[in-house]
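Engineer: Starting off with a structure, shown below.
Every number here is computed from the coordinates shown, using simple stated rules; none is lab data. As the structure is a prediction and not an experimental result, all values here were calculated from the model. Note that each Cβ is placed from the backbone with ideal geometry, even for glycine, and that neighbours are counted across all protein chains shown.
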Amino acid sequence: MEKKGRDPSTAIQLFRTFVQPILTYGLEVILPTSQNLLKLEKNQKKLLKQILSVPISAPDSSIYILSDILPIEAQIDQKSLNLFNNICNQNEENLEKKIARRQLIAKNEDSKSWFIAIKRVLFKYNLQSPILLLNDPPTKHLWKKSVRIAIDRYWKNVLIQKSCTYKSLKYLGTSNFSPGNCHTLLSIGNTSDPTREAVRISVKLKVITDTYILQSHRSRYNLNETPICKLCDIDIEDRSHCLLKCKILQCIRERYLNQIDEFISDFLNFRIRDIPTDDHMQIILNCTVLLSRYINDIHLIQRIEDISRQLIYALHVVRYRTLYIKKR
Ligand SMILES: [Zn+2]
């Protein structure tokens, strides 16, 4: 599945269609133990990180937010709640429905009964009690919709809260996160060369998850390494130094920032270079978060995303080339 250069949003779609059903096949019937759930989750995370070309050290919440794929636990919960609805909609005389009633009344909360587990899942997502659902079952269509909404809401909160604990993910833009929708950062837009765009996306995803290795990262893990930028020898090389400040990369940066300024000048009365560092970083790393407050045109926002992606890729190439020449 993983192949450098493959468009990540298509790869995510393929994952959703072909891999996800296999990973969770039949698990709504035999709910996995927490240990097995962890193993499945580990596999899913590994595959998603490969698709997004981010290292295994990237925070898990970031890859769920970027891929819009929910954790395995959410997927199994969804399937098991839909199965429970099938049982609720059965005839009263049906054996499964009879067992459901009997177990929900007779078994205590610690029981390993499938129906008691469903009761806990319903409670987790703030849905109706199982007895109420058995007595007055919603239609399949209506139930699927409410389950989807409840699960999305629950996991959106969990993932946003988790990602907020990472300072490195501050520009990821969790406020726009909506499970099931392709993240703008993954969208290749109208490019004529999807392979080239995919390479650019992979660099940007590393930068936004702060797993793109700069001197400040190197020095954290290796005492012999200096955090000072090896291009300019002036400042600590962290994300903002590399993206906004390093003098050696200034001319390449200018070209793209001018293009962004041209696009946004019709809507905003500031130039990107005049705004605070944090906002400047936000526009370069994930402009949707900030610009969607002022600009309604998603095509324009996508265009600015394309330019910022080109900017980051150009900085990456020039940085590597310069370091290589300096080494020689
Ligand atoms: Zn520098």
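Engineer: Restricting to segment 138-184, name every residue that is part of a loop (DSSP other than H, G, I, E, B) and among the small types (Gly, Ala, Ser).
Structural biologist: Selection gives GLY173, SER178, GLY180.
Engineer: Would you say GLU28 is more than 25 Å from LEU172 (Cβ to Cβ) and free of Cβ contacts under 8 Å to residues at least 12 places away in the same chain?
Structural biologist: In short, no.
Engineer: If you take the residues in segment 188-217 that are assigned to a loop (DSSP other than H, G, I, E, B) and of a type in the set (A, V, I, L, M), which one is farthest from the ligand (Cβ to nearest atom)?
Structural biologist: Result: ILE188.
Engineer: Hey, another quick one. Could you figure out which of (1) without any contact (Cβ under 8 Å) to a residue 60 or more places away in the chain; (2) over 24 Å from the mean Cα position of the chain (by Cα); (3) more than 19 Å from LYS206 (Cα to Cα) isn't true of ILE295?
Structural biologist: Against the list (1) without any contact (Cβ under 8 Å) to a residue 60 or more places away in the chain; (2) over 24 Å from the mean Cα position of the chain (by Cα); (3) more than 19 Å from LYS206 (Cα to Cα), ILE295 comes up short only on (2).
Engineer: Something else: THR277 passes all but one of (1) farther than 23 Å from VAL317 by Cβ; (2) touching an Asp or Glu at 6+ places or on another chain (Cβ under 9 Å); (3) within 16 Å of the ligand (Cβ to nearest atom); (4) of a type in the set (Ser, Thr, Tyr); which number fails?
Structural biologist: Single failed check for THR277: (2).
Engineer: Sticking with this structure for a sec: Please go through segment 230-257 and give me each residue that is closer than 30 Å to ASP60 by Cβ and touching a His at 6+ places or on another chain (Cβ under 8 Å), ordered by number.
Structural biologist: Scanning segment 230-257 gives a single hit, LEU244.
Engineer: Restricting to segment 218-268, what's the tally of residues that are assigned to a loop (DSSP other than H, G, I, E, B), among the hydrophobic types (A, V, I, L, M, F, W, C) and either surrounded by 15 or more Cβ atoms within 10 Å (Cβ to Cβ) or within 16 Å of the ligand (Cβ to nearest atom) (or both)?
Structural biologist: Within segment 218-268, residues that are assigned to a loop (DSSP other than H, G, I, E, B), among the hydrophobic types (A, V, I, L, M, F, W, C) and either surrounded by 15 or more Cβ atoms within 10 Å (Cβ to Cβ) or within 16 Å of the ligand (Cβ to nearest atom) (or both) number 6.
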